[in-house]
Structure formats: C-alpha cells, structure tokens
Amino acid sequence: MGGLVAGRSRTHRFRRVLLAGVASLVSLGFALSVGEALVRVIAPQDLKPTLFEYDALVGHRLRSNATARHRTKHREFDVRVSTNSHGWRSDELEDRPRILLLGDSFTFGVGVARRQTYAAVLQDSLRANQFLHQVINMGVEGRTPDQYWADYHHTKHLTQPDLLIVGFYERNDFITGSRLVSFSAHGAPTFHPLPRRSGAYAALRAAIQGPVYDWLAEHSHLATLSKNVLFALVADDDGSDELTRDPDATYTFKILSALNDEAAADGVPTIIAIFPASPRLPESPSSARTSRLIEQLTAADIPVLDLREEIGRREDFYYHVDDVHWNARGHARVAELLYDFLRQNQLPARRLVSPEKNAVVGVTG
C-alpha cells in the first residue's frame, strides 16, 4: 500500500514539473513573439545571415557551399546569396581563360542577385562578343587592400587568372598598416597567418555559425538586433581603426603596387577600378586621398578606371535607397564601363570560338 502511494506521489510530482515546464515554454514563446513584434515595429533590422568564417591567411572568408537570404528592413531588396565550393560568389572553376575580381561588398554584390553583379554582367558582355573568359567574383564584405593582395597571393595557383581587376572603394579602403603582410628593410614582403581571436568576441562569433542561426538571421528581427547589441558590447578595440586612415595614400599605394608587381611577375595584367562613396554618406577626406592615390598609380603605369564621376553623381539611379550599395542598374553600368575600358586597353586577349567544335581557334588583340 505504501509503495502505491509513493508511486502516485512521484507521478503527481512529475506532472507538476511537466506542467511547469510547458507553462515556462509557453510563456517564453509568448515573450519572444511579443519582442519580435515590437522590434519589427520600433526597430526593424536588415535580415542578413553572416557567411563569414575564420581564415588565418586572409582574416575571414566566405563559407563554402553556403546559402543565405539577404533583405533590407523595408524589403527594397530580397535576394538569395550562395557560394561555390571555394567560398566565392561564382560558378565553379571552368576550363577556360579567367578574369579575377578582387574587392569588398561592392564586388560581392550586396543587394543584388548573382546574375546582376557587375562580375556576372561583365562575363555576359565578354561572351556576347566572342570572349571565352570566366569572370571569378572573389569579393568579400569588409575586405581591405592587404586582403585583396593576400587573396591573390594564396589562390593564384588555383585561379590562374589571365587578368586581375581590383575594385577599390574610396571610403574605407585606405590603410596605414597590415597584420597580414610586412616588408623587410629592402622591401621584400612576408605574409603572416593571423591567430584566431579569443575571448567573448570569438565565442559569440562561433555561436552564430550553423543552420539554426542562419534560419533565425533570415527570419527574426529580434535575433538580429540581439546579435548586433551583443557584438557592440563584447567587441574589443584591436586598433583596426588606426589602420584605415592613411591621409596621403602612401601605404595604400604601397600595397596595391606590390600586388601589381606580384601579378606582373606572374604575367597577369592588373587594373584598379575606383569605386566612389555614396553621395548620401557624411563628408570625408576620401576624395582628395583618392585623387592622390590615382596620381601615384598612374605614375607607376598601373591602369586605373576612375568611376567617381560617372557612378557617384547618380545616387538616385545607381544606388539602393535603403542601402549604400549599387542596385542592379549600378552594377550594369559598372560592367559596361569596365568592358569599354578593357577593350580600349586591348584586354583581355580575344579568344574566338569555333561554332563547330566549340574550341579556341585563334587569339587577336
């Protein structure tokens, strides 16, 4: 009899615990739903899952074979972003001549579908004019010139490009130093692997990887706001701001010139395309620095395509309203200007296709 009573008592306790757990989950779900609704009304977020992962050679890279949905708070754009097996926003490498694009979020193509990026539009223009080249988009958000160089240096054995185009964003691509590369007294460069960051920042970065976070980042304004607040709280001052000033463009030119020299030694011509800052952004000394940089690059016989006048003055036409990046019209115009610049400089080499055998039958200027 005593055993029966004890059994009933345990059953009742289990039910009470179960009911309490269910009630807690319901309360938590209700609170999260209310929080989500409030954030959507009061402080809507741009829903943009991170595709980054740590890479000692370049600091960070895009995850391989990753897919995410990027959209702004007011739904000006809503695009699906994907990477190939190398973590690039391109098709897999093809057995054809290649043009390599290095750059930051403008090259990556924030806010547009992959087929609308200037990389894809440029490739379409080339092939429509009987060029066989594959255009590889190696753009990564947040990149700086030393990372462009590291990208080329560490992947050239794989990409083996015939032409290199560097997209330089005038607002935040100027740097005064690098943790990736150093120069000897004689000017010889040495690349250094970056140690993995530790502490709360690294723990938070590790926590926002994987399918659960990706789903939340695509659908939840509350989760995105929480992530942004947490990063603001745990971010440590690593001195990175000190590396982005370079008032006279001296160090930035040194990096770009060294990248050009390495590519030239590999037989790869380099073009620097200057991307303007959006006119709606606060005033900055970037324009004067950019003009100084162009002077230095031109004096070093490095081809420069300055897009500031053509693209920068048409903010209402070439830029997103909710975002500082180019819209599809902006990318199309950049691709058009790049194609014209390439042909004026007789680049790339023309490779004609035989309609019978789909093979290269000749090369002309």
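The values are calculated or read from the model by the stated rules, or taken from the named source; none is laboratory data. Bear in mind that the values here come from a model prediction, so they are computed numbers and not experimental data. As a convention, Cβ positions derive from the backbone with ideal geometry for all residues, glycine included, and neighbour counts pool all protein chains shown.
So, of the residues in segment 169-198 that are more than 19 Å from the chain's Cα centre (by Cα) and of a type in the set (Val, Ile, Thr), which turns out to be farthest from residue 151 (Cα to Cα)? Step by step, filter segment 169-198, then rank; the result is 176. For residue 67, the conditions (1) at pLDDT below 95; (2) under 17 Å from the mean Cα position of the chain (by Cα); (3) among the polar types (S, T, N, Q); (4) buried (at least 19 other Cβ atoms within 10 Å of the Cβ) all hold with the exception of (4). Taking the conditions exactly as written (closer than 18 Å to residue 93 by Cβ and either surrounded by fewer than 24 Cβ atoms within 10 Å (Cβ to Cβ) or out of contact with any Lys or Arg (no Cβ under 9 Å at 6 or more places or on another chain) (or both)), does residue 120 satisfy them or not? Spelling it out, residue 120 is indeed closer than 18 Å to residue 93 by Cβ and either surrounded by fewer than 24 Cβ atoms within 10 Å (Cβ to Cβ) or out of contact with any Lys or Arg (no Cβ under 9 Å at 6 or more places or on another chain) (or both). Scanning segment 261-281 for residues that are at pLDDT 95 or above and within 21 Å of the chain's Cα centre (by Cα) turns up 270, 271, 272, 273, 274, 275.
Among the residues making up segment 50-87, those that are part of a loop (DSSP other than H, G, I, E, B) and either in contact with a helix residue (DSSP H, G or I) (Cβ under 6 Å, 6 or more places away or on another chain) or among the acidic types (Asp, Glu) (or both) are 57, 58, 76. When segment 42-55 is filtered for residues that are modelled with pLDDT of 75 or more and out of contact with any Gly (no Cβ under 9 Å at 6 or more places or on another chain), the ones remaining, listed by number, are 42, 43, 44, 54. Against the numbered list (1) within 19 Å of residue 149 (Cα to Cα); (2) at pLDDT below 95; (3) not acidic (Asp, Glu), residue 284 comes up short only at (1).
Scanning for something exposed (fewer than 15 other Cβ atoms within 10 Å of the Cβ), touching a His at 6+ places or on another chain (Cβ under 7 Å) and over 15 Å from residue 325 (Cα atoms), does segment 96-117 turn up at least one residue? The answer is yes; a qualifying residue exists. Exactly one condition in (1) modelled with pLDDT of 90 or more; (2) in contact with a His (Cβ under 8 Å, 6 or more places away or on another chain) is false for residue 351; which is it? The failed condition is (1).
Evaluation of residue 153 against the conditions (1) under 21 Å from residue 175 (Cβ atoms); (2) buried (at least 22 other Cβ atoms within 10 Å of the Cβ); (3) over 11 Å from the mean Cα position of the chain (by Cα); (4) not hydrophobic (A, V, I, L, M, F, W, C) shows that the sole unmet condition is (2). Only a single criterion out of (1) closer than 25 Å to residue 72 by Cβ; (2) at pLDDT 95 or above; (3) loosely packed, with under 12 Cβ neighbours inside 10 Å; (4) among the charged types (D, E, K, R) is not satisfied by residue 301, namely (1).
A search for C-beta distances below 9 Å between a residue of segment 250-263 that is surrounded by fewer than 23 Cβ atoms within 10 Å (Cβ to Cβ) and among the acidic types (Asp, Glu) and any residue that is modelled with pLDDT of 95 or more and assigned to a helix (DSSP H, G or I), counting only pairs 6+ apart in sequence or on different chains, returns 262/149; 262/152; 262/153; 262/156.
Hey, any hits in segment 120-127 for a residue that's under 18 Å from residue 274 (Cβ atoms) and of a type in the set (Val, Ile, Thr)? Taking every residue of segment 120-127 in turn, none turns out to be under 18 Å from residue 274 (Cβ atoms) and of a type in the set (Val, Ile, Thr). Here the condition is being on the phi < 0 side of the Ramachandran plot and either surrounded by fewer than 12 Cβ atoms within 10 Å (Cβ to Cβ) or of a type in the set (S, T, N, Q) (or both); of 18, 62, 32, 51, it holds for 18 alone.
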